[in-house]
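Participant: There's a structure below that I have some questions on.
The values are calculated or read from the model by the stated rules, or taken from the named source; none is laboratory data. This is a predicted model, so every value here is computed, not measured. With ideal geometry, Cβ positions are generated from the backbone for all residues, glycine too; neighbour counts draw on all protein chains shown.
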(Lines give C-alpha, C1' and ligand atoms only; values in the text may rest on other atoms or scores of the structure.)
Protein backbone atom coordinates (compact mmCIF):
# COMPACT_ATOMS: atom_id res chain seq x y z
CA UNK A 1 0.00 0.00 0.00
CA UNK A 2 1.03 3.57 -0.64
CA UNK A 3 0.27 6.11 2.08
CA UNK A 4 0.24 9.89 1.73
CA UNK A 5 -0.55 10.24 5.43
CA UNK A 6 2.32 9.34 7.77
CA UNK A 7 -0.11 8.31 10.53
CA UNK A 8 -1.70 5.69 8.26
CA UNK A 9 1.78 4.58 7.17
CA UNK A 10 2.75 4.16 10.85
CA UNK A 11 -0.29 1.96 11.49
CA UNK A 12 0.66 -0.32 8.58
CA UNK A 13 4.25 -0.92 9.72
CA UNK A 14 5.22 -4.33 11.09
CA UNK A 15 6.76 -4.37 14.57
CA UNK A 16 10.54 -4.46 15.06
CA UNK A 17 11.49 -4.06 11.42
CA UNK A 18 13.65 -1.33 9.96
CA UNK A 19 12.71 1.31 7.41
CA UNK A 20 14.45 2.30 4.22
CA UNK A 21 14.50 5.90 3.00
CA UNK A 22 15.03 6.84 -0.63
CA UNK A 23 16.11 10.09 -2.25
CA UNK A 24 15.18 9.66 -5.92
CA UNK A 25 17.24 11.62 -8.39
CA UNK A 26 17.45 11.54 -12.16
CA UNK A 27 20.78 9.68 -12.15
CA UNK A 28 20.99 8.15 -8.68
CA UNK A 29 18.93 6.90 -5.75
CA UNK A 30 20.23 7.69 -2.29
CA UNK A 31 19.48 4.91 0.21
CA UNK A 32 19.37 5.15 4.00
CA UNK A 33 18.18 2.63 6.58
CA UNK A 34 17.13 2.58 10.22
CA UNK A 35 17.67 0.19 13.05
CA UNK A 36 14.76 -2.08 14.04
CA UNK A 37 13.84 0.28 16.90
CA UNK A 38 13.27 3.09 14.37
CA UNK A 39 15.50 5.45 16.30
CA UNK A 40 18.19 6.60 13.87
CA UNK A 41 18.62 6.87 10.11
CA UNK A 42 21.98 5.87 8.65
CA UNK A 43 23.19 6.61 5.11
CA UNK A 44 23.82 3.34 3.29
CA UNK A 45 24.61 3.67 -0.40
CA UNK A 46 23.89 5.43 -3.67
CA UNK A 47 22.38 3.32 -6.44
CA UNK A 48 23.20 4.45 -9.99
CA UNK A 49 19.93 4.57 -11.92
CA UNK A 50 19.65 2.41 -15.00
CA UNK A 51 16.26 0.87 -15.71
CA UNK A 52 13.42 0.65 -13.22
CA UNK A 53 13.62 -3.16 -13.03
CA UNK A 54 17.32 -3.12 -12.19
CA UNK A 55 16.95 -0.25 -9.73
CA UNK A 56 14.01 -1.93 -7.99
CA UNK A 57 15.84 -5.26 -7.83
CA UNK A 58 18.76 -3.63 -5.99
CA UNK A 59 16.45 -1.77 -3.60
CA UNK A 60 14.47 -4.92 -2.83
CA UNK A 61 17.71 -6.84 -2.31
CA UNK A 62 18.70 -4.26 0.30
CA UNK A 63 15.22 -4.52 1.83
CA UNK A 64 15.53 -8.29 2.18
CA UNK A 65 19.08 -8.19 3.57
CA UNK A 66 18.19 -5.51 6.14
CA UNK A 67 14.74 -6.79 7.19
CA UNK A 68 13.05 -3.64 5.94
CA UNK A 69 9.40 -3.37 6.94
CA UNK A 70 8.53 -0.13 5.14
CA UNK A 71 9.86 2.35 2.60
CA UNK A 72 9.87 6.16 2.80
CA UNK A 73 10.29 8.10 -0.43
CA UNK A 74 11.37 11.71 -0.37
CA UNK A 75 8.66 13.77 -2.06
CA UNK A 76 10.29 16.73 -3.84
CA UNK A 77 7.63 19.40 -3.37
CA UNK A 78 8.13 22.91 -4.68
CA UNK A 79 9.07 25.52 -2.07
CA UNK A 80 5.44 26.74 -2.02
CA UNK A 81 4.28 23.20 -1.15
CA UNK A 82 2.80 22.44 -4.56
CA UNK A 83 3.64 19.31 -6.52
CA UNK A 84 5.43 19.51 -9.85
CA UNK A 85 6.77 17.00 -12.38
CA UNK A 86 9.37 15.58 -9.96
CA UNK A 87 6.61 14.69 -7.47
CA UNK A 88 4.67 12.98 -10.25
CA UNK A 89 7.78 10.99 -11.14
CA UNK A 90 8.28 9.97 -7.50
CA UNK A 91 4.64 8.89 -7.19
CA UNK A 92 4.97 6.85 -10.40
CA UNK A 93 8.10 5.17 -9.00
CA UNK A 94 6.13 4.31 -5.83
CA UNK A 95 3.26 2.82 -7.85
CA UNK A 96 5.68 0.70 -9.87
CA UNK A 97 7.54 -0.42 -6.74
CA UNK A 98 4.24 -1.30 -5.04
CA UNK A 99 3.74 -3.93 -7.73
CA UNK A 100 6.91 -5.68 -6.58
CA UNK A 101 6.60 -5.59 -2.78
CA UNK A 102 3.96 -5.76 -0.07
CA UNK A 103 5.90 -3.38 2.20
CA UNK A 104 4.05 -0.16 3.02
CA UNK A 105 5.36 2.85 1.10
CA UNK A 106 5.08 6.37 2.46
CA UNK A 107 6.19 9.84 1.44
CA UNK A 108 8.08 12.51 3.35
CA UNK A 109 8.54 16.10 2.26
CA UNK A 110 12.17 16.35 1.20
CA UNK A 111 12.43 20.11 0.71
CA UNK A 112 15.93 21.29 1.61
CA UNK A 113 17.19 17.81 2.56
CA UNK A 114 20.03 18.02 0.05
CA UNK A 115 20.91 21.51 1.31
CA UNK A 116 21.07 20.18 4.89
CA UNK A 117 23.16 17.21 3.81
CA UNK A 118 25.56 19.45 1.89
CA UNK A 119 25.91 21.76 4.90
CA UNK A 120 26.66 18.83 7.22
CA UNK A 121 29.27 17.46 4.83
CA UNK A 122 30.90 20.89 4.51
CA UNK A 123 31.00 21.24 8.31
CA UNK A 124 32.69 17.84 8.45
CA UNK A 125 35.32 19.20 6.05
CA UNK A 126 34.48 16.56 3.43
CA UNK A 127 36.31 16.95 0.12
CA UNK A 128 34.35 18.01 -2.96
CA UNK A 129 34.91 14.60 -4.57
CA UNK A 130 33.73 12.72 -1.48
CA UNK A 131 30.68 15.01 -1.11
CA UNK A 132 29.67 14.17 -4.67
CA UNK A 133 29.95 10.44 -3.87
CA UNK A 134 27.86 10.51 -0.68
CA UNK A 135 25.45 13.45 -0.97
CA UNK A 136 22.50 11.36 -2.21
CA UNK A 137 22.51 8.77 0.56
CA UNK A 138 23.23 11.42 3.20
CA UNK A 139 20.19 13.34 1.88
CA UNK A 140 18.19 10.09 2.08
CA UNK A 141 19.15 9.82 5.76
CA UNK A 142 17.88 13.38 6.40
CA UNK A 143 14.58 12.47 4.72
CA UNK A 144 14.31 9.24 6.70
CA UNK A 145 15.26 10.88 10.01
CA UNK A 146 12.52 13.47 9.51
CA UNK A 147 9.99 10.69 9.04
CA UNK A 148 11.39 8.79 12.06
CA UNK A 149 11.05 11.84 14.27
CA UNK A 150 7.41 12.22 13.21
CA UNK A 151 6.75 8.50 13.73
CA UNK A 152 8.19 8.75 17.25
CA UNK A 153 5.87 11.67 17.97
CA UNK A 154 2.88 9.68 16.68
CA UNK A 155 3.84 6.68 18.82
CA UNK A 156 4.24 8.88 21.91
CA UNK A 157 0.77 10.34 21.37
CA UNK A 158 -0.87 6.89 21.41
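Participant: Take segment 92-116 and flag every residue that is surrounded by 16 or more Cβ atoms within 10 Å (Cβ to Cβ), in a helix (DSSP H, G or I) and at pLDDT 85 or above.
Facilitator: If the condition is that a residue be surrounded by 16 or more Cβ atoms within 10 Å (Cβ to Cβ), in a helix (DSSP H, G or I) and at pLDDT 85 or above, then 93, 94, 97 are the ones that fit.
Participant: With the checklist (1) touching a residue at least 24 places away in the same chain (Cβ under 8 Å); (2) under 21 Å from residue 151 (Cα atoms) in hand, flag the one item residue 37 doesn't pass.
Facilitator: (1)
Participant: Mind listing whichever residues of segment 36-53 are assigned to a helix (DSSP H, G or I) and surrounded by 12 or more Cβ atoms within 10 Å (Cβ to Cβ)? Give the steps one after another, and end with the answer.
Facilitator: First, the residues of segment 36-53 that are assigned to a helix (DSSP H, G or I): 52-53.
Across segment 36-53, the qualifying residue is only 52.
Participant: From the list 21, 74, exactly one residue is surrounded by 18 or more Cβ atoms within 10 Å (Cβ to Cβ), touching a helix residue (DSSP H, G or I) at 6+ places or on another chain (Cβ under 9 Å) and modelled with pLDDT under 95. Which is it?
Facilitator: Just a single option satisfies the conditions, and that option is 74.
Participant: If we scan segment 77-90, do we find a residue that is closer than 14 Å to residue 109 by Cα, in contact with a strand residue (DSSP E or B) (Cβ under 8 Å, 6 or more places away or on another chain) and touching a residue at least 60 places away in the same chain (Cβ under 8 Å)?
Facilitator: yes
Participant: Kindly provide the set of residues from segment 34-71 that are within 20 Å of residue 8 (Cα to Cα) and in contact with a helix residue (DSSP H, G or I) (Cβ under 8 Å, 6 or more places away or on another chain), ordered by number.
Facilitator: Those that are within 20 Å of residue 8 (Cα to Cα) and in contact with a helix residue (DSSP H, G or I) (Cβ under 8 Å, 6 or more places away or on another chain): 34, 38, 39, 68, 70, 71.
Participant: If you don't mind, another one. How many residues are under 23 Å from residue 7 (Cα atoms) and crowded, with 19+ Cβ neighbours inside 10 Å when one looks only at segment 55-71?
Facilitator: Total meeting the criteria: 5.
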